[in-house]
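The values are calculated or read from the model by the stated rules, or taken from the named source; none is laboratory data. Just so it is clear, the structure is predicted and the values come from calculations on it, not from any experiment. So basically every Cβ, Gly included, is an ideal-geometry build from the backbone, and we count neighbours across all protein chains shown. SASA here: full protein model, heavy atoms, side chains in, ligands and nucleic acids out. Shrake-Rupley method; radii C 1.70, N 1.55, O 1.52, S 1.80 Å.
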Protein chains: 2
Amino acid sequence: MEFRSAERSDVPAILRLLADDDISRARGFGVVPEEVDAATWAAFEAIDADPNNELLVGDEGGEVIATCQLTFTPGLSRGGGWRMTIEAVRVRADRRSGGIGKQLMAYAIDRARERGCRVVQLTTDKRRVDAHRFYASLGFAASHEGMKLTL
Amino acid sequence: MEFRSAERSDVPAILRLLADDDISRARGFGVVPEEVDAATWAAFEAIDADPNNELLVGDEGGEVIATCQLTFTPGLSRGGGWRMTIEAVRVRADRRSGGIGKQLMAYAIDRARERGCRVVQLTTDKRRVDAHRFYASLGFAASHEGMKLTL
């Protein structure tokens, strides 16, 4: 398993991973269109051009089987410490529970250390009880409410 | 009350707002040093130079009485929609409960709309029960666990 930054050619596979999820389906994200639309390409280009965003993939012999996005944010709290936010974590359905998520998170947390971050943070839907257990096993504390406003 | 991007000269006042908080004090952030240290200046410069970060202040006749930081993040989920994350929200202790937080959030959410974000998100310490009520009154749903790992 190689973890690396996503390339343009990985985008369709990443979209399939993002869509293959009960909660995403409930948000209407269950169907992946045949063609990636312009807004999604633009988002990929914005991530790719931004040194404070990294879209990661787990690549096994050329197949993308895991993904997450890292955002590095400077802040005045905690002595000017940076924080890393993890979003859009997915492992392909047929490869879950095999330790790939753990490897992906270990790689992500190493990136936070390399960037000198003081805190790694993420939010996870309250219905994802297995995910909470998984992140707790990695040392994450469920200390905060994660609040969302859809516009 | 004028809401605007923070300038370098606002940094000491913002640090005082960040420190004047029971939970921050418990993290050892209760004492503001006389001089802003190099790491904090570097963080301010990083925010100021990044088009995807905005440090806001509420300025009343030249006095900074409220602050928050906005981070705009592109992503492949939700049709390539951007999200806005709000961090480090503070209103000066002697001016709380007077509607300033609500004005600050209204201004922040307008910025999210101007930037075309689909979602506004924040995490708030589970001990801040008043804050949860406040954000719920603005339409935020406490749908997620906010998980943190300190490095």
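Checked against (1) crowded, with 21+ Cβ neighbours inside 10 Å; (2) at pLDDT below 95, A:LEU56 passes all but a single condition, namely (2).
Condition check ((1) surrounded by fewer than 18 Cβ atoms within 10 Å (Cβ to Cβ); (2) facing chain A (nearest Cβ under 10 Å); (3) modelled with pLDDT under 95) across all residues:
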position	(1), (2), (3)
B:GLY30	yes, no, yes
B:ALA38	yes, yes, yes
B:PHE44	no, yes, no
B:ILE47	no, yes, no
B:GLN69	no, yes, no
B:GLY75	no, yes, no
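Looking at the range B:122-132, is at least one residue of a type in the set (D, E, K, R), facing another protein chain (nearest Cβ under 7 Å), in contact (Cβ under 8 Å) with a residue 24 or more places away in the chain and open to solvent by less than 50 Å² (accessible area, probe 1.4 Å)? Yes, the range B:122-132 contains at least one residue that is of a type in the set (D, E, K, R), facing another protein chain (nearest Cβ under 7 Å), in contact (Cβ under 8 Å) with a residue 24 or more places away in the chain and open to solvent by less than 50 Å² (accessible area, probe 1.4 Å). Look at the range B:77-98: where a residue is within 14 Å of chain A (Cβ to nearest Cβ) and a partner is among the basic types (Lys, Arg) and open to solvent by 60 Å² or more (accessible area, probe 1.4 Å), sitting 6+ places away or on another chain with Cβ atoms under 6 Å, you get B:ARG78/B:ARG118; B:GLY81/B:ARG118.
Suppose we filter B:ALA112, B:ALA136, B:ALA142 for residues that are open to solvent by 40 Å² or more (accessible area, probe 1.4 Å), part of a helix (DSSP H, G or I) and facing chain A (nearest Cβ under 9 Å); which single one remains?
Exactly one of B:ALA112, B:ALA136, B:ALA142 is open to solvent by 40 Å² or more (accessible area, probe 1.4 Å), part of a helix (DSSP H, G or I) and facing chain A (nearest Cβ under 9 Å), namely B:ALA136.
All of B:ILE23, B:ILE65 fail the test of being modelled with pLDDT under 95 and under 30 Å from B:CYS117 (Cα atoms), apart from B:ILE23.
If you go through the range A:92-101 one residue at a time, do you hit one that is more than 22 Å from A:ARG127 (Cβ to Cβ) and crowded, with 21+ Cβ neighbours inside 10 Å? Among the residues of the range A:92-101, not one is more than 22 Å from A:ARG127 (Cβ to Cβ) and crowded, with 21+ Cβ neighbours inside 10 Å, which makes the answer no.
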